[in-house]
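Enquirer: One structure, pasted below without further comment.
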There are 2 protein chains.
Amino acid sequence: MKVLITGGAGFLGQRLARALLKRGQLSDSQGQPRTIDELVLVDVVAGNDFGDPRVRVVTGDISDAALLRELVDERTQSIFHLAAIVSGAAEADFDLGMRINLDASRALLDACRLRGHRPKVVFTSSVAVYGGKLPALVRDDTALNPQSSYGAQKAIGELLLNDYSRRGFVDGRVLRLPTISVRPGKPNKAASSFASGIIREPLNGEAAVCPVSPDLRLWLLSPRGAIESLIAGHELDGPALGMSRTINLPGISVSVGEMVEALGKVAGPEAVARITFAPDPAIERIVNSWPGAWDTARAKALGLVADPDFESIIRAFIADE
Amino acid sequence: MKVLITGGAGFLGQRLARALLKRGQLSDSQGQPRTIDELVLVDVVAGNDFGDPRVRVVTGDISDAALLRELVDERTQSIFHLAAIVSGAAEADFDLGMRINLDASRALLDACRLRGHRPKVVFTSSVAVYGGKLPALVRDDTALNPQSSYGAQKAIGELLLNDYSRRGFVDGRVLRLPTISVRPGKPNKAASSFASGIIREPLNGEAAVCPVSPDLRLWLLSPRGAIESLIAGHELDGPALGMSRTINLPGISVSVGEMVEALGKVAGPEAVARITFAPDPAIERIVNSWPGAWDTARAKALGLVADPDFESIIRAFIADE
């Protein structure tokens with residue numbers, strides 16, 4: 001079988017690729033194990049091919065419907081659609097966010113529909129679909145009320161994936177990811193970029209600015225946990241998902257203050273001293289609209305798991321990076 | 001000011017046009033009363049212009065972005081976006097539903113965005129955005145889980161209208177309409193077409209087939225109530241809507257059996273005898289996914305009202321038609 005990862009050069013895309021190459025197989029929409037003999041990584045920049053002959057790196061614009069029709073053929077049994085314009089960038093450039101987060105997602109689903117072979121499609125969504133007046137614990141049946149264009153575009157993608165699945169065009173799964181922390185590398189334009197920066201930079205001996213209050217509660221998942229969840233979500237039996245293809249992935253609810261405290265335990269007070277708090281209203285407005293926790297009963301019943309605690313997330317980051 | 005009604009030749013569009021011509025004014029987004037000196041009715045077929053010099057009838061395809069850019073100018077302070085492909089038709093023709101219910105709605109919002117004058121936009125949504133496992137009483141914060149393409153497309157339209165409003169591109173209001181009954185005229189391709197047919201046809205001395213069980217509970221609003229709600233929803237003060245532009249309009253919760261009983265009271269047993277029950281699984285699957293009632297506290301607090309009962313709806317239909 002052929003597997004396609006959009007955003008394949010990105011942080012999650014590259015890790016997922018490595019995990020899939022190591023794993024060597026995935027189940028198809030009939031639940032049958034299939035050997036991965038081709039793994040296509042499409043992105044605007046070229047990803048690493050890991051020197052593996054199964055990998056094909058494609059650079060291109062995923063809002064180009066012709067490119068998608070070429071990439072999705074009858075052998076493409078699994079698609080991980082990770083490409084996205086992150087929250088801060090989609091708020092700054094409305095057209096760009098609409099083109100990648102909405103139009104490209106739809107074009108990808110239509111490429112599948114036109115082939116008619118009903119591939120598995122894993123679509124990553126986000127805490128950002130929630131907003132407005134939220135209960136302390138967001139439930140699976142809590143209404144979406146996104147307060148960012150990114151969140152609105154992700155919520156629209158969820159609706160499309162559910163409808164295309166209901167109609168039998170794809171076998172879709174929407175995985176709502178908690179905020180991923182600790183991400184390696186540089187800060188990005190996500191409003192939640194600080195959730196990695198305030199840990200990563202001090203561990204690297206660098207200064208970090210935290211644009212939100214220590215009281216802000218975040219719903220977090222580690223990179224390792226995210227990759228495990230993407231694969232576990234793919235492997236779920238379609239009919240077991242019932243009338244909704246959308247799953248709120250398990251995470252842990254941690255305040256920024258507790259994150260800093262965990263950093264102190266792992267790396268000492270000198271690491272904590274590298275963090276400065278300087279509130280940024282534009283970032284606060286977006287991240288304050290996100291839930292700090294959601295009910296994970298459904299996800300757990302489906303066999304999906306969270307990290308044990310934030311300290312173990314920091315230790316995993318140190319081990320991996 | 002200029003007012004634009006899409007779907008202006010349709011049943012609601014024509015009644016709304018008549019009501020607006022009689023009313024003569026609407027408030028703009030600053031809450032200031034403005035005289036309606038032009039009323040544009042756009043639809044695929046030509047609507048009635050009521051012999052009124054203020055009316056301009058335009059026939060065209062509202063998914064044509066160039067047409068929309070021409071229709072929406074700086075004087076267009078109010079838009080009622082009623083044009084839609086109904087539930088049964090959007091289920092039968094996926095592409096048509098996507099083009100009109102999604103692409104045209106977005107093109108209309110983009111026409112407003114490009115002008116930059118932030119008009120009021122009233123978007124009609126539907127009970128069909130709900131579905132799946134629903135509480136007995138749907139609340140404002142109950143998640144959308146549409147089980148039809150029409151419902152998914154309307155839910156996407158809601159998200160767009162909310163985001164375009166949040167960003168200041170339009171001053172939008174999403175009015176989720178109950179099922180409208182009793183509609184005049186002929187049956188249409190809406191899955192809920194029977195909700196008018198089982199009353200209208202017997203009153204006209206004709207036979208009617210009811211494709212659902214008498215136990216099915218519907219959430220209903222009369223045509224008069226719908227027009228009043230559209231205008232009242234337009235007149236609401238934008239900031240009063242807070243973080244959600246979407247309002248579940250008040251309706252009445254009536255079972256099909258109770259509708260038939262009310263028909264008997266108004267028109268006698270001979271009218272009731274004209275109804276035959278013949279379940280249609282395709283229709284039942286769609287309408288059974290809709291809520292039979294929702295919480296109207298927010299709408300009522302905003303001053304929106306429902307019909308008193310179904311008997312009065314039948315009597316109003318007889319009076320009007």
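The values are calculated or read from the model by the stated rules, or taken from the named source; none is laboratory data. As the structure is a computational prediction, the values presented were derived from the model and not from experiment. Cβ: placed from backbone, ideal geometry, glycine included. Neighbour counts: every protein chain shown.
Enquirer: Restricting the search to the range A:1-28, which residues are farther than 22 Å from A:Ala190 by Cα and buried (at least 21 other Cβ atoms within 10 Å of the Cβ)?
Expert: Passing the criteria: A:Lys2, A:Val3, A:Leu4, A:Ala17, A:Leu20.
Enquirer: Is it the case, given these coordinates, that A:Val272 is over 24 Å from A:Leu161 (Cα atoms), in contact with a Gly (Cβ under 7 Å, 6 or more places away or on another chain), modelled with pLDDT of 95 or more and surrounded by fewer than 22 Cβ atoms within 10 Å (Cβ to Cβ)? It would help to see each step written out before you state the result.
Expert: On the way: over 24 Å from A:Leu161 (Cα atoms): yes; in contact with a Gly (Cβ under 7 Å, 6 or more places away or on another chain): yes; modelled with pLDDT of 95 or more: yes; surrounded by fewer than 22 Cβ atoms within 10 Å (Cβ to Cβ): yes.
Spelling it out, A:Val272 is indeed over 24 Å from A:Leu161 (Cα atoms), in contact with a Gly (Cβ under 7 Å, 6 or more places away or on another chain), modelled with pLDDT of 95 or more and surrounded by fewer than 22 Cβ atoms within 10 Å (Cβ to Cβ).
Enquirer: I would also like to ask the following. Please go through the range A:94-105 and give me each residue that is more than 8 Å from chain B (Cβ to nearest Cβ) and either assigned to a strand (DSSP E or B) or surrounded by fewer than 20 Cβ atoms within 10 Å (Cβ to Cβ) (or both), ordered by number. Spell out the reasoning first.
Expert: Of all residues in the range A:94-105, those more than 8 Å from chain B (Cβ to nearest Cβ) come to A:95-105.
Within the range A:94-105, A:Asp95, A:Leu96, A:Arg99, A:Asp103 qualify.
Enquirer: Here is a check on your reading of the model: is B:Gly257 outside any strand (DSSP E or B), at pLDDT 95 or above and under 24 Å from B:Leu16 (Cβ atoms)? So that I can check it myself, show each step before the final result.
Expert: Values: outside any strand (DSSP E or B): yes; at pLDDT 95 or above: yes; under 24 Å from B:Leu16 (Cβ atoms): no.
In short, no.
Enquirer: Given the criteria surrounded by fewer than 21 Cβ atoms within 10 Å (Cβ to Cβ), β-branched (Val, Ile, Thr), without any contact (Cβ under 8 Å) to a residue 60 or more places away in the chain and over 15 Å from B:Ala195 (Cβ atoms), does B:Val266 qualify? Before you say what the answer is, go through the steps one by one.
Expert: Numbers: surrounded by fewer than 21 Cβ atoms within 10 Å (Cβ to Cβ): yes; β-branched (Val, Ile, Thr): yes; without any contact (Cβ under 8 Å) to a residue 60 or more places away in the chain: yes; over 15 Å from B:Ala195 (Cβ atoms): yes.
Considered against the rule, which asks whether it is surrounded by fewer than 21 Cβ atoms within 10 Å (Cβ to Cβ), β-branched (Val, Ile, Thr), without any contact (Cβ under 8 Å) to a residue 60 or more places away in the chain and over 15 Å from B:Ala195 (Cβ atoms), B:Val266 comes out as yes.
Enquirer: Also: Kindly provide the set of residues from the range B:72-93 that are of a type outside the set (Val, Ile, Thr) and over 30 Å from B:Ser193 (Cα atoms), ordered by number. Give the steps one after another, and end with the answer.
Expert: Just the residues of the range B:72-93 that are of a type outside the set (Val, Ile, Thr), to begin with: B:73-75, B:77-78, B:80-84, B:87-93.
Passing the criteria: B:Asp73, B:Glu74, B:Arg75, B:Gln77.
Enquirer: Output the residues belonging to the range B:127-138 that are touching a residue at least 60 places away in the same chain (Cβ under 8 Å) and at the interface with chain A (Cβ under 8 Å from one of its Cβ atoms). Step through it out loud before you land on a result.
Expert: Filtering the range B:127-138 down to residues touching a residue at least 60 places away in the same chain (Cβ under 8 Å) leaves B:127-128, B:130-132, B:134, B:136-138.
Scanning the range B:127-138 gives B:Gly131, B:Gly132.
Enquirer: Within the range B:135-168, how many residues turn out to be crowded, with 24+ Cβ neighbours inside 10 Å and acidic (Asp, Glu)?
Expert: So the count comes out to 2.
Enquirer: Considering only residues that are assigned to a helix (DSSP H, G or I) and in contact with a Ser or Thr (Cβ under 8 Å, 6 or more places away or on another chain), which ones fall in the range B:224-250? Give the steps one after another, and end with the answer.
Expert: Going through the range B:224-250, the residues assigned to a helix (DSSP H, G or I) turn out to be B:224-235, B:238-241.
Correct list: B:Leu230, B:His234, B:Glu235, B:Gly238.
Enquirer: Right, here's the next one. Return the residue satisfying two criteria in turn: it lies in the range B:249-273 and is touching a Leu at 6+ places or on another chain (Cβ under 9 Å) and not aliphatic (A, V, I, L, M), and of such residues it is nearest to B:Leu304 (Cα to Cα). It would help to see each step written out before you state the result.
Expert: Applying the first criterion (touching a Leu at 6+ places or on another chain (Cβ under 9 Å)) to the range B:249-273 yields B:249-257, B:259, B:263, B:266-267, B:271-272.
Okay, now just the ones that are also not aliphatic (A, V, I, L, M), so B:250-251, B:253, B:255, B:257.
Numbers: B:Pro250: 7, B:Gly251: 10, B:Ser253: 16, B:Ser255: 23, B:Gly257: 27 Å.
Among them, the one singled out is B:Pro250.
Enquirer: Looking at (1) closer than 20 Å to A:Gly238 by Cα; (2) within 9 Å of chain B (Cβ to nearest Cβ), can you tell me which one A:Pro146 breaks?
Expert: (1)
Enquirer: Another question about this same structure. Considering the range A:29-51 alone, what residues qualify as being part of a loop (DSSP other than H, G, I, E, B) and loosely packed, with under 12 Cβ neighbours inside 10 Å? Step through it out loud before you land on a result.
Expert: At the first step, the residues of the range A:29-51 found to be part of a loop (DSSP other than H, G, I, E, B) are A:29-32, A:36-37, A:44-51.
Within the range A:29-51, A:Gln30, A:Gly31, A:Gln32, A:Val45, A:Gly51 meet the criteria.
Enquirer: Right, next: Pick out the one residue from B:Val174, B:Val182 that is closer than 17 Å to B:Trp294 by Cα, crowded, with 23+ Cβ neighbours inside 10 Å and modelled with pLDDT of 95 or more.
Expert: Details: B:Val182 fails: closer than 17 Å to B:Trp294 by Cα.
Just one listed residue meets the conditions, B:Val174.
Enquirer: Given the conditions (1) in a loop (DSSP other than H, G, I, E, B); (2) modelled with pLDDT under 95, which single one is not true for A:Glu74?
Expert: All conditions are met except number (2).
Enquirer: Looking at the structure I just gave you, is A:Ala90 more than 15 Å from A:Thr6 (Cβ to Cβ), more than 15 Å from the chain's Cα centre (by Cα) and crowded, with 20+ Cβ neighbours inside 10 Å? Spell out how you get there, then give the answer.
Expert: Details: more than 15 Å from A:Thr6 (Cβ to Cβ): yes; more than 15 Å from the chain's Cα centre (by Cα): yes; crowded, with 20+ Cβ neighbours inside 10 Å: yes.
Yes, satisfied.
Enquirer: Now a separate question. Applying the selection to the range A:78-93, what residues are more than 14 Å from every other protein chain (Cβ to nearest Cβ) and either among the charged types (D, E, K, R) or in contact with a strand residue (DSSP E or B) (Cβ under 6 Å, 6 or more places away or on another chain) (or both)?
Expert: A:Ser78, A:Ile79, A:Phe80, A:His81, A:Leu82, A:Ala83 - these are the residues of the range A:78-93 that are more than 14 Å from every other protein chain (Cβ to nearest Cβ) and either among the charged types (D, E, K, R) or in contact with a strand residue (DSSP E or B) (Cβ under 6 Å, 6 or more places away or on another chain) (or both).
Enquirer: Among the residues of the range A:224-276 satisfying the criterion of being more than 14 Å from chain B (Cβ to nearest Cβ) and of a type in the set (S, T, N, Q), which is nearest to A:Ala316 (Cα to Cα)?
Expert: Step one: list which residues in the range A:224-276 are more than 14 Å from chain B (Cβ to nearest Cβ), which gives A:224-240, A:249-276.
So of that shortlist, the ones also of a type in the set (S, T, N, Q) come out as A:229, A:253, A:255, A:276.
Numbers: A:Ser229: 16, A:Ser253: 18, A:Ser255: 19, A:Thr276: 24 Å.
Restricting to residues being more than 14 Å from chain B (Cβ to nearest Cβ) and of a type in the set (S, T, N, Q), the top hit is A:Ser229.
Enquirer: Restricting to the range B:39-76, what's the tally of residues that are among the polar types (S, T, N, Q) and closer than 23 Å to B:Gly24 by Cβ? Walk me through how you get there before you give the answer.
Expert: Going through the range B:39-76, the residues among the polar types (S, T, N, Q) turn out to be B:48, B:59, B:63, B:76.
Okay, now just the ones that are also closer than 23 Å to B:Gly24 by Cβ, so B:48, B:76.
Of the residues in the range B:39-76, 2 are among the polar types (S, T, N, Q) and closer than 23 Å to B:Gly24 by Cβ.
Enquirer: For B:Gly292, only one of the following conditions fails: (1) among the small types (Gly, Ala, Ser); (2) outside any helix (DSSP H, G or I); (3) farther than 30 Å from B:Glu158 by Cβ. What is its number?
Expert: Against the list (1) among the small types (Gly, Ala, Ser); (2) outside any helix (DSSP H, G or I); (3) farther than 30 Å from B:Glu158 by Cβ, B:Gly292 comes up short only on (3).
Enquirer: Now for a different question. Consider the range A:234-271. How many of its residues are over 20 Å from the mean Cα position of the chain (by Cα), of a type in the set (A, V, I, L, M, F, W, C) and more than 19 Å from A:Gly292 (Cα to Cα)?
Expert: So the answer is 6.
Enquirer: Right, another one. Would you confirm, using the coordinates I've provided, whether B:Ala282 is over 21 Å from the mean Cα position of the chain (by Cα), within 14 Å of chain A (Cβ to nearest Cβ), assigned to a helix (DSSP H, G or I) and modelled with pLDDT under 95? Explain how you work it out, then say what you get.
Expert: Values: over 21 Å from the mean Cα position of the chain (by Cα): yes; within 14 Å of chain A (Cβ to nearest Cβ): yes; assigned to a helix (DSSP H, G or I): yes; modelled with pLDDT under 95: yes.
Yes; evaluated as a whole, the condition is true for this residue.
Enquirer: Can I ask one more? Scan the range B:114-126 for residues that are buried (at least 19 other Cβ atoms within 10 Å of the Cβ) and either more than 16 Å from A:Leu159 (Cβ to Cβ) or free of Cβ contacts under 8 Å to residues at least 24 places away in the same chain (or both) and jot them down. Step through it out loud before you land on a result.
Expert: Quick first cut of the range B:114-126, residues buried (at least 19 other Cβ atoms within 10 Å of the Cβ) only: B:118-126.
Within the range B:114-126, B:Arg118, B:Pro119, B:Lys120, B:Val121, B:Val122, B:Thr124 meet the criteria.
Enquirer: Also, I was wondering about something else. Yes or no: A:Ile227 crowded, with 16+ Cβ neighbours inside 10 Å, touching a helix residue (DSSP H, G or I) at 6+ places or on another chain (Cβ under 9 Å) and closer than 20 Å to A:Ser27 by Cα? Can you show your working first?
Expert: Details: crowded, with 16+ Cβ neighbours inside 10 Å: yes; touching a helix residue (DSSP H, G or I) at 6+ places or on another chain (Cβ under 9 Å): yes; closer than 20 Å to A:Ser27 by Cα: yes.
Considered against the rule, which asks whether it is crowded, with 16+ Cβ neighbours inside 10 Å, touching a helix residue (DSSP H, G or I) at 6+ places or on another chain (Cβ under 9 Å) and closer than 20 Å to A:Ser27 by Cα, A:Ile227 comes out as yes.
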